[in-house]
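All remarks here apply to the structure that follows.
The values are calculated or read from the model by the stated rules, or taken from the named source; none is laboratory data. Predicted model, so just to flag it, every value in this text is computed and none were measured. Reconstructed Cβ throughout: ideal geometry from the backbone, glycine too, with neighbour counts over all protein chains shown.
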Amino acid sequence: MAKGFGGMGGMGGMNMNNLVKQAQKMQKQMAQMQEELSEKTLEMTSGGGAVKVIISGKKEIQELKINPDVVDPDDVEMLEDLILSAVNEAIRQADEMYNNAMGKLTGGMGGMF
């Protein structure tokens, strides 16, 4: 084994330098994609627009709007539910946006990188 990885079975014909370069290229593309996604925003509503949430690709809430007509001091629970619904959907959509972008970048290689 004087020549490094010569005895690695199925990888015998694969050039390790090319593999490392491909991994570095993909890592750079992933970083660029993450930067682009962090600049995007998603808007979610609940209660027919009673609550609106704007979230970044980094899953940071940037804006929360509540229609004053849904603020009922006798039913705070409903307002809390509307807020939770909008925020959770915004997070789900941000995750989906990220996963779709990653799937395109990795070509279905999943968690390999």
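If you check 71, 76 for being modelled with pLDDT of 90 or more and touching a helix residue (DSSP H, G or I) at 6+ places or on another chain (Cβ under 7 Å), only one passes: 71.
For the range 46-59, the condition holds for no residue, the condition being that it is part of a helix (DSSP H, G or I), of a type in the set (Lys, Arg), over 19 Å from residue 101 (Cβ atoms) and modelled with pLDDT of 85 or more.
Considering the range 1-21, the residues that are surrounded by 11 or more Cβ atoms within 10 Å (Cβ to Cβ) and in a helix (DSSP H, G or I) include one that is modelled with the lowest pLDDT, namely 11.
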